[in-house]
Amino acid sequence: MASSCSLFHSSLSSKSKSKFPLPRHQNNTKFNRPPPTVISCTSSSTYDPCPSTTSSNSNSPSPLKSGRLADENIRDEARRHRSIANNTFSAKYVPFNAGPDSTESYSLDEIVYRSLSGGLLDVQHDIEALKKFDGAYWRELFDSRVGKTTWPYGSGVWSKKEWVLPEIDPDDIVSAFEGNSNLFWAERYGKQFLGMNDLWVKHCGISHTGSFKDLGMTVLVSQVNRLRKLKRPVVGVGCASTGDTSAALSAYCAAAGIPSIVFLPANKISIAQLIQPIANGAFVLSIDTDFDGCMKLIREVTSELPIYLANSLNSLRLEGQKTAAIEILQQFDWEVPDWVIVPGGNLGNIYAFYKGFKMCQELGLVDREPRLVCSQAANANPLYLCYKSGWIQFKAVKANTTFASAIQIGDPVSIDRAVYALKNSNGIVEEATEEELMDAMAQADSTGIFICPHTGVALSALIKLRNSGVIAAGDRTVVVSTAHGLKFSQSKVDYHSKKIPDMACRFANPPVQVKADFGSVMDVLKKYMGNKTPNH
Ligand SMILES: Cc1ncc(COP(=O)(O)O)c(C=O)c1O
Ligand SMILES: N[C@@H](CCOP(=O)(O)O)C(=O)O
């Protein structure tokens, strides 16, 4: 979108003591409540998902107040505890939605993105091993790790490590303690604009690089770190991006000292997004095409060169992203909301949410799943069109320019995953015009939220479903905010400048130009205050 900001020429411009040691799954006993004892370091056949503070070395320096030894950092500490852990959980790649007869599978240490038939892959966990622990066990384990700095559980993703990458050594993990993002009650927005009392925004954009992509990228880059230590041929990690995947990839790679290569569609992402990989030292290619063109190129390149593919075609990413769903349940004290609304582009995230909710139900943490809504920009709406055809026909589209630039995607790689997630959650797909999404963003911002345009797309879906009565006033509804509004400030500048062609910008709030003298300022303020009533 062209920038027209004449109005803005000035300054607008555990150390947790092992709470749950020694589940007795070796003899198949279902472990309902954590026993009160502390883990024994001599027990070689036990698994301690939550490391204790007990030192395995009696000659070690005495613990600091924090429980860490005097010369230890948090990684050292995790390493010391690792000797007492015997991991019994595992995961592997299988063809996505494979039938019960399929025997095709791959170790997560293999470099593979597609099944033999060319279809998508999925990370399949050993659910039977996880089921040896009941829902109460998992709920309490996950709850016990929130708000700590214990490596790696201080991360909202790695606090669910057993369900994410159970076999990775904590020493290989690359984490910025992502996740644990704010789920906030949109009280005024809900009441004023939608007559709702139980509307929530899951702020995944309040994150290390400003979007939900951090959740998946910590997992992918950690696995790459492991692969490189295993001497697998991975010289660098690459992605095509509309700006958020590239930001996350470059940051996590930079933290681990791994080269990153990003393919960006020239002039189609925000300045804030563009500068992120540049600043993080990625090799940035600005390519004269759109995202779908970049995606095609990176797929070709990664099949020729030892560059590991970091887009969500790679199912590892979704293992991290699914933790946002688990987190939502956790934040509601394991109560299930009625609706979760997610903006969709390449369509990995809607499946990740489905998978997170599904695992919680399957493993007994909750008894049902929410209904999912995926919302697209009308200018890039292939999933919406497929839904409207009764799921009969999917056709890629040429994505047109949208203020929701991170979802300007016409040929989503995870279309099959998205259709599966929506069909199995009694889901709905909606779309939003440019005016709808920008108005929704402006209204939400006016209640103090400051969302990105993609979240405006999700809110537009909510508005439509409320107006049609599909979502009821009392339904507990979560809108997933996928990126930080500050990454997309130019779209807000354009809107509040009222300079967007063919858009009324009904909720614009342009600044008032005023002379630098007391009288002029007083005149303007009196006029402004005359319209307000005192609120006693
Ligand atoms: C900010 C933002 N919101 C939503 C999405 C859509 O996520 P997905 O591609 O997983 O559908 C993306 C990326 O595509 C994004 O960057
Ligand atoms: N919005 C994404 C598009 C690519 O999605 P991915 O999840 O497949 O990496 C981005 O920011 O690049």
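The values are calculated or read from the model by the stated rules, or taken from the named source; none is laboratory data. What you see is a predicted model, and the numbers here were worked out from it, not measured in a lab. Cβ coordinates were reconstructed from backbone atoms using ideal geometry, including for glycine residues, and neighbour counts include every protein chain displayed. Areas reflect the complete protein model, heavy atoms only, side chains present, ligands, DNA and RNA absent. Shrake-Rupley method; radii C 1.70, N 1.55, O 1.52, S 1.80 Å.
Is it fair to say residue 456 is out of contact with any strand residue (DSSP E or B) (no Cβ under 6 Å at 6 or more places or on another chain), of a type in the set (Gly, Ala, Ser) and either surrounded by 19 or more Cβ atoms within 10 Å (Cβ to Cβ) or outside the structural domain of residue 354 (by the TED database) (or both)? Answer is yes for this residue. All conditions but one from (1) within 10 Å of ligand 1 (Cβ to nearest atom); (2) outside any helix (DSSP H, G or I) apply to residue 341; the one that does not is (1).
Yes/no per residue for (1) of a type in the set (Gly, Ala, Ser); (2) open to solvent by less than 10 Å² (accessible area, probe 1.4 Å):
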{"site": "286", "(1), (2)": "yes, no"}
{"site": "307", "(1), (2)": "no, no"}
{"site": "321", "(1), (2)": "no, yes"}
{"site": "348", "(1), (2)": "yes, yes"}
{"site": "352", "(1), (2)": "yes, yes"}
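Looking at the structure I just gave you, is residue 147 of a type in the set (Gly, Ala, Ser) and either open to solvent by less than 60 Å² (accessible area, probe 1.4 Å) or not in a loop (DSSP other than H, G, I, E, B) (or both)? Lay out the reasoning, then the answer.
Working: of a type in the set (Gly, Ala, Ser): yes; either open to solvent by less than 60 Å² (accessible area, probe 1.4 Å) or not in a loop (DSSP other than H, G, I, E, B) (or both): no.
Taking the combined requirement at face value, the residue does not satisfy it.
Among the residues of segment 381-399, those identified as within 16 Å of ligand 2 (Cβ to nearest atom) and more than 12 Å from residue 343 (Cβ to Cβ) are 382, 396, 397, 399.
Looking only at segment 212-228, decide whether some residue is under 25 Å from residue 401 (Cα atoms), within 16 Å of ligand 1 (Cβ to nearest atom) and touching a strand residue (DSSP E or B) at 6+ places or on another chain (Cβ under 7 Å). No - not one qualifying residue is present in segment 212-228.
Yes or no, residue by residue, for (1) within 16 Å of ligand 2 (Cβ to nearest atom); (2) touching a Gly at 6+ places or on another chain (Cβ under 6 Å); (3) assigned by the TED database to the domain that holds residue 440; (4) open to solvent by 10 Å² or more (accessible area, probe 1.4 Å):
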| position | (1), (2), (3), (4) |
| --- | --- |
| 324 | yes, no, yes, no |
| 328 | no, no, yes, no |
| 331 | no, no, yes, yes |
| 334 | no, no, yes, yes |
| 337 | no, no, yes, no |
| 340 | no, no, yes, no |
| 345 | yes, no, yes, no |
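When segment 307-334 is filtered for residues that are within 12 Å of ligand 1 (Cβ to nearest atom) and charged (D, E, K, R), the ones remaining, listed by number, are 317, 322. In this structure, does residue 390 turn out to be out of contact with any helix residue (DSSP H, G or I) (no Cβ under 7 Å at 6 or more places or on another chain) and either open to solvent by less than 10 Å² (accessible area, probe 1.4 Å) or in the same structural domain as residue 498 (by the TED database) (or both)? Yes, satisfied.
Can you pull out every residue in segment 502-516 that is within 17 Å of residue 442 (Cβ to Cβ) and of a type outside the set (Lys, Arg)?
Result: 502, 503, 504, 505, 507, 508, 509, 510, 511.
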